[in-house]
Amino acid sequence: MNQFAIKLGKSLDVDIHIIEGAFNLVMEGRLEEHNRIVTSELERLVKGGTRIIAVAQLSMVGASKNVDGNILNPLHLLMPEIINVLELDNR
């Protein structure tokens, strides 16, 4: 991400937050519990400031939609390409 920003002449100030146990819950198929702890952490981060929040894992997209606030996710970047490849903009 930093390399991409540098190419655009930008700089990033990024804080990485790891949600302990979230990955294990996904691997164990405990998706409801995973979404609950991810949603809780995202709500805490949203309340904590004015920074832009993004989730890095596709498994977190569902939980991010449960939170009031604009939380970026990998699908935001993929959607224009998916629309283009599937020619959905012509329909």
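At a glance:
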| item | result |
| --- | --- |
| For the chain, size of Cβ-based charge dipole, Lys and Arg +1, Asp and Glu -1, in debye | 220 debye |
| Stretchable slack from Ile18 to Leu45, in nm (0.36 nm times residue separation minus alpha-carbon distance) | 8.5 nm |
| All lysines inside 26 Å of Lys65 as judged from Cα atoms, apart from same-chain residues fewer than 8 positions distant | Lys47 |
| Karplus-derived HN-Hα couplings along the stretch 49-63 (A = 6.51, B = -1.76, C = 1.60, θ = phi - 60°), whole Hz, x at Gly and Pro | x, 10, 6, 6, 10, 9, 9, 9, 9, 4, 5, 9, 4, x, 5 |
| Which of Ile16, Ile6, Ile37 has the fewest Cβ neighbours within 10 Å, and the rest in rising order | Ile16, Ile6, Ile37 |
| Taking Glu20, Glu41 and counting other C-beta atoms within 10 Å, the order from fewest to most | Glu20, Glu41 |
| Residues whose placed amide H lies under 5 Å from that of Ile53, excluding near-sequence neighbours | Leu72 |
| Span per principal axis, largest first, for the Cα atoms of the chain (Å) | 39, 35, 24 |
| Unit charges at the beta carbon, dipole of the chain: most positive-side option, Phe23, Ala63, Val85 | Val85 |
| Residue-wise HN-Hα coupling along the stretch 73-82, computed from phi with Karplus coefficients 6.51, -1.76, 1.60 (Hz; x: Gly, Pro) | 8, x, 5, 4, 6, 7, 4, x, 5, 4 |
| Value of [θ]222 nm, deg cm²/dmol, for the chain, DSSP H segments ≥ 4, -39500 (n - 2.57) each, nearest 500 | -14000 deg cm²/dmol |
| Ranked Val14, Val67, Val38, criterion: other C-beta atoms within 10 Å, fewest first | Val14, Val67, Val38 |
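Any read-out appearing in this document is the output of simple, stated calculations on the displayed coordinates, not a laboratory observation. Everything quoted here is computed from the prediction, not taken from an experiment. Every residue, glycine as well, gets a Cβ built from its backbone with ideal geometry; the counts of neighbours run over all protein chains shown.
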